[in-house]
Amino acid sequence: MSNLDYMHEKEFEAEEAVETDRGDIERVRPLPRISIHAFCETDSVARTLERCAQDRRMAKVHARINSGGVIAAANMYASSSTPNLLILETSQNAETLMAELGQLAEVCDPDTRVVVIGHVNDVTLYRDLIRNGISEYMVAPVSMADVIGVISGIFVDPDAEPLGRVISFMAAKGGVGSSTLAHNCAWMISELFESETILADLDLPFGTANLDFNNDPAQGIAEAVFSPDRLDEVFLDRLLAKCSEHLSMLAAPSMLDRNYDFSGDAFLPILDIVQRNAPVTVLDVPHVWNDWTRRVLSASDEIVITATPDLANLRNTKNLYDTLAKLRPNDTPPLLVLNQVGMAKRPEIAVDVFCEPLGIEPCAIIPFDAQLFGDASNSGLMIAEASSKSPIAESLSQLAHIVTGRAEVKKRRKGGLGGLLGMLGRK
């Protein structure tokens, strides 16, 4: 094997490991507000723990990574209190490790949990450590998913109900139809899978969900975000407006009678409670960029960016992908929907040219159909209700399968819009 082949093989293995990490970690619940201190002897373990600290599932965790092993930890905590969790890397043999842990035990708070990352695969050592109060013993090398999974197993109630999936829709540019797609996708999910779904319209001054569903409730998401102290399951149930048998809506007031300036974490309590009360929540995120939209997108399980094929949309989409990759380094990239494709007399960027700098395939390409979308909107109907046999309705059905993890994006066939419906494959 040549050096070049060897390098390519290693790059492939690294990419494969990252993809495995992403797949495993998606099943981990967010961690509570705890403090974690780690003591690392090798750069590889330190890098893994740094990646863990940047993950959105550890957004509430205060993490600190130090150099050194068990003795370094014992010296530090001789004059300070210990955190909720200590992660200790060691290369010592069993006898030396047990002696060092004995020194640490003299300065360690009784409620502090300890995880040891060792370099010796020894069942006897593992049993001795567990018998002496160590929460877990992991053998290096460790992956990010392994570490966060162990922490979750210690601090998250194993009997807790599973959290629902949060899917955020955001436009690359105003007027590209992101809200319409979000509303139709939420309706599709609730109808196709008979799954309880919540649609939250986060565009408080100009939201259109109430118009699209011909439903204008007296209360909605404004009451939730402005009264976080009252927010619980009972209050949420009062605010939800029923749109269909399995779809409920947190409607926006769509009024300009007050300012809608929010702090960065204003919507996070709402996400926490809807995740515990519905298997799927679809967020219609307005086309603004500030602290609270960044936090909402960072906390979402899936992000769908809607764009039309022009230069401004391409620039904005590229900026969003690059920024979200930094905010969510351990998550899959957002999904891309190209909407309003094929508008008459409008110069457009070809789909292949649009997607090339992004390095992705669009998960749906929706052709421009002013008549169908206009009739549905004016009648308060979803696309599938207005025209169930249309190709657009089928595309929205496929999109619902993808965002809920029931299908995956397949490489698009060449040949323009003729091969749209063949690019998606159901699992």
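The values are calculated or read from the model by the stated rules, or taken from the named source; none is laboratory data. No experiment lies behind these values; they were computed from the predicted model shown. Every residue, glycine among them, receives a Cβ derived from its backbone with ideal geometry; neighbour counts consider all protein chains shown.
Tabulated data
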| read-out | value |
| --- | --- |
| The lone exception for L417 - which of (1) loosely packed, with under 14 Cβ neighbours inside 10 Å; (2) farther than 30 Å from Q54 by Cβ; (3) at pLDDT 95 or above; (4) not small (G, A, S) it fails | (3) |
| Qualifying residues in segment 34-82 (those that are β-branched (V, I, T) and surrounded by 21 or more Cβ atoms within 10 Å (Cβ to Cβ)) - the one farthest from the chain's Cα centre (by Cα) | V70 |
| First in segment 65-90 and farther than 13 Å from C108 by Cα, second anywhere and of a type in the set (D, E) and in a strand (DSSP E or B), Cβ under 8 Å, 6 or more apart | G69/E89 |
| Tally of residues being in a loop (DSSP other than H, G, I, E, B) and β-branched (V, I, T) across segment 288-346 | 3 |
| Test: residue in segment 377-384 that is farther than 26 Å from C243 by Cα and under 27 Å from the mean Cα position of the chain (by Cα) | no |
| L311 vs. criteria more than 20 Å from the chain's Cα centre (by Cα), closer than 16 Å to A171 by Cα, exposed (fewer than 13 other Cβ atoms within 10 Å of the Cβ) and touching a residue at least 24 places away in the same chain (Cβ under 8 Å) | yes |
| Qualifying residue in segment 227-234 (condition: in contact with a Gly (Cβ under 7 Å, 6 or more places away or on another chain) and either of a type in the set (A, V, I, L, M, F, W, C) or assigned by TED's automatic domain parsing to the domain that holds N316 (or both)) | no |
| Yes/no for N277 being touching a residue at least 12 places away in the same chain (Cβ under 8 Å), under 21 Å from M188 (Cα atoms) and in the same structural domain as D352 (by TED's automatic domain parsing) | yes |
| Segment 196-206, residues that are buried (at least 23 other Cβ atoms within 10 Å of the Cβ) and either among the hydroxyl-bearing types (S, T, Y) or assigned to a loop (DSSP other than H, G, I, E, B) (or both) | T197, L202 |
